[in-house]
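The structure appears below as structure tokens.
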Amino acid sequence: MKTLKGTTWWIYVLAAAAMLPALILRDFTPDNELRYMSIADEALEQGSVWCFSNHGEAYADKPPLYLWIVMVGRYLFGQNCMWFLGLFSLVPMLAVGRIMDGWARSRLNIRRRQTALLMLFTCGYFPGLALTLRMDMLMTLWIVLALREVYRMDQGVPTRRHEALLGLYTFLALFTKGPFGVIFPLLGSVVYLVAVGRVRLIRRIWVWPAWAVLLSGCGVWFGCVFAEGGAAYIDNLLFHQTIDRAANAFTHQRPWWYYVVHMWYIMAPWSLIIAYEAVANHKTIVRGDFRKMMLSVFLTCLFAVSCVSSKLQVYLLPAIPFFVYLGATFIVGETLMKVIKAFAVGVLVVLFGASWFLPALNPSIGYGAVCKEVSMLNPAEVWVDASVRRGENIDAYFSVPVRPVNSADSVISLPKNVVLLLPGSKGEKLTYKTGNEFNI
């Protein structure tokens, strides 16, 4: 029987156990998570499948796959369930770890594989985004799968199955988050094949089955979007949200060197250790195809996200697995690996313990606790003050109409069967007053 020293399965169990309580117990955050809920509710009400809107305004920022998941959850359970939606961040995180661990099986011994996996599951934004309702981790899964197919074809004989899977995974990455889903696998594979001196393989890997699957998926997607939303939505999706955001961002605009400065805490606490080990082993950093693959993809991701005008820390997420596993090939010494593993296990144990305090912190995280209390009053309508952050998306919590108002407007009168939501105080994000006790 295998012991814990000879396997990695216990790490997946530990990571899942550490993060599940947080996904079950915490509230939705007002910014992105609540907005996705509101958009999905609006799509269900309007019968939209391919084109989305947020309170009547076209929302082409994201492809439909993740919003479909939110819609399915709402339809199945009658409400937005954190635990269900959280699975589409947590499970992809575990799957990425499983794929990377299998990828490294013949290159790293079991002790280094355990170290690498624990580093990955505690590496800065990687576990953080496993606890966040976003599509980034799901996109990262498809990108890792696509690049693994490239590596398999490079190390073996390309087959139609591998070529078609490469196209499928690349399309799913695009369909989950957008253009980076294509850019990372395509550029990463090209840079890797150039680095290993097998440039001719590019034409054998990116061949017609891969392009047929990718372009066919795009054709169906864009055709359905045009049929449902017309030319204006297509223009918004393909140009405004891609080319305009890349060249001259209307949101999250940052300088080109943004990630060079910020990647150290994005991948903390292992970034400095890996950087030190890489410098110490600089003469062998490009020795072997596995290292060249990890380094090529990491540098390609870093370069690609630095070139676009719009920048957020989460855009670097797909680079983290390759950075960690590149670093794992350098780490030597039983003592250092034991220290890393002990620290990583400690982080996961602390995360598990801290998760049980989330219910007490939820009033400072989101609006759920107050909205649940308001729902029990059975109001005919809910008004949200304009000063409430992302207050327009609070309709995701209610089945009655939600109306934005400005409470400073002296001509507004609050009826008795209406509840007014206001910004909270003393650590709470939200409070409310009813028509019986408050008149504007």
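The values are calculated or read from the model by the stated rules, or taken from the named source; none is laboratory data. All values derive from a computational prediction rather than experimental measurement. Remember, those area values only see protein heavy atoms, side chains included, never the ligands or the DNA or RNA. Shrake-Rupley method; radii C 1.70, N 1.55, O 1.52, S 1.80 Å.
General remarks:
- Result for the chain in a Gaussian network model with C-alpha springs under 10 Å: among Gln114, Gln313, Gln46, the largest mean-square fluctuation is at Gln46.
- Amide H within-cut-off set for Asn54, under 5 Å, with H built and near neighbours excluded: Tyr59
- Considering helices alone, the calculated mean residue ellipticity of the chain at 222 nm is -18500 deg cm²/dmol, with DSSP H runs of length four and up weighted by -39500 (n - 2.57) and normalised per residue.
- When only Cα pairs below 8 angstrom with a gap of at least 6 residues are kept, the chain shows a relative contact order of 20 percent.
- Within the accessible area of the range 1-145 (1.4 Å probe), percent carbon and sulfur: 62
- Beta-bridge orientation, the chain: approximately 50 percent antiparallel, per DSSP, counting only bridges with both partners inside.
- Per residue accessible area of the chain, 1.4 Å probe, in Å²: 45
- With contacts taken as Cα pairs under 8 Å at a separation of at least 6 residues, the range 1-148 carries a relative contact order of 28 percent.
- Stokes-Einstein D (µm²/s) once Rh is taken as the Kirkwood radius of the range 236-391 over alpha-carbon pairs, at 37 °C in 0.692 mPa s: 166
- Pair-distance profile P(r), taking every C-alpha pair of the chain, with 10 angstrom steps and integer %: 4, 19, 27, 25, 15, 7, 2, 0
- Inter-part distance where the range 280-346 and the range 252-272 are each reduced to a Cα centre, Å: 13
- In Hz, Karplus ³J(HN,Hα) per residue of the range 131-145 (6.51, -1.76, 1.60; θ = phi - 60°; x = Gly, Pro): 9, 10, 7, 9, 8, 5, 5, 5, 4, 4, 4, 5, 5, 4, 4
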